[in-house]
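**Student:** Before we start, here is the structure in question, set down as structure tokens.
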Amino acid sequence: MVAHYLKRNNLVGNYQQAGCLEPVKMYIGFSPALEQSHDYAALFSRGMKELRRSGKLQAILNKYGLKDWESKLPRTQTTVERKNI
């Protein structure tokens with residue numbers, strides 16, 4: 001995101017990277033208190049698959065200088081599970 005900001009504002013070369021943080025895993029959660037949560041999770045999963053399949057996800061990632069997180073992981077099928085907590 002910073003690289004995109006610097007490029008967009010013609011600031012490339014004005015700043016120097018001072019360090020790098022390790023990648024952090026991020027998760028999306030849906031409340032088990034809502035009956036629609038499973039539907040929302042499935043909708044999100046289908047949407048991400050469609051963005052990736054159509055190439056739109058890569059275009060978005062390229063715009064911000066980011067890499068597809070699944071390119072670093074072994075290919076597995078993504079599933080959505082309902083967990084009752």
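**Student:** Which of the residues belonging to segment 1-34 are part of a loop (DSSP other than H, G, I, E, B) and touching a residue at least 60 places away in the same chain (Cβ under 8 Å)?
**Tutor:** Matches in segment 1-34: Met1 only.
**Student:** If you don't mind, there's one more thing I want to ask. Could you please give the count of residues in segment 35-47 that are free of Cβ contacts under 8 Å to residues at least 24 places away in the same chain and either under 17 Å from Ser71 (Cα atoms) or not in a helix (DSSP H, G or I) (or both)?
**Tutor:** 2
**Student:** Now for a separate question. Testing Asn10 on (1) surrounded by fewer than 10 Cβ atoms within 10 Å (Cβ to Cβ); (2) modelled with pLDDT under 80, one condition comes back false. Which one is that?
**Tutor:** (2) is the only condition that Asn10 fails.
**Student:** Still on this structure, please answer the following. Tally up the residues in segment 1-33 that are among the β-branched types (Val, Ile, Thr) and more than 30 Å from Leu43 (Cα to Cα), please. Even if it seems obvious, please write down each step before you answer.
**Tutor:** Step one: filter segment 1-33 for residues among the β-branched types (Val, Ile, Thr), giving 2, 12, 24, 28.
Of the ones still in play, those that are also more than 30 Å from Leu43 (Cα to Cα) are 12.
Count: 1.
**Student:** Of all residues in segment 60-74 being touching a Lys or Arg at 6+ places or on another chain (Cβ under 9 Å) and part of a loop (DSSP other than H, G, I, E, B), which is modelled with the highest pLDDT?
**Tutor:** Top of the filtered list is Asp68.
**Student:** Additional query: Taking only segment 33-70 into account, find how many residues are among the hydroxyl-bearing types (Ser, Thr, Tyr) and under 28 Å from Asn9 (Cβ atoms).
**Tutor:** The total comes to 1.
**Student:** Can you tell me which residue in segment 23-61 is farthest from His4 (Cα to Cα), limited to those that are charged (D, E, K, R) and loosely packed, with under 11 Cβ neighbours inside 10 Å?
**Tutor:** Once the filter is applied, the top-ranked residue is Glu35.
The values are calculated or read from the model by the stated rules, or taken from the named source; none is laboratory data. What you see is a predicted model; the values in this text were computed from it and never measured. Here Cβ is always computed from backbone atoms with ideal geometry, including for glycine, and neighbour counts include all displayed protein chains.
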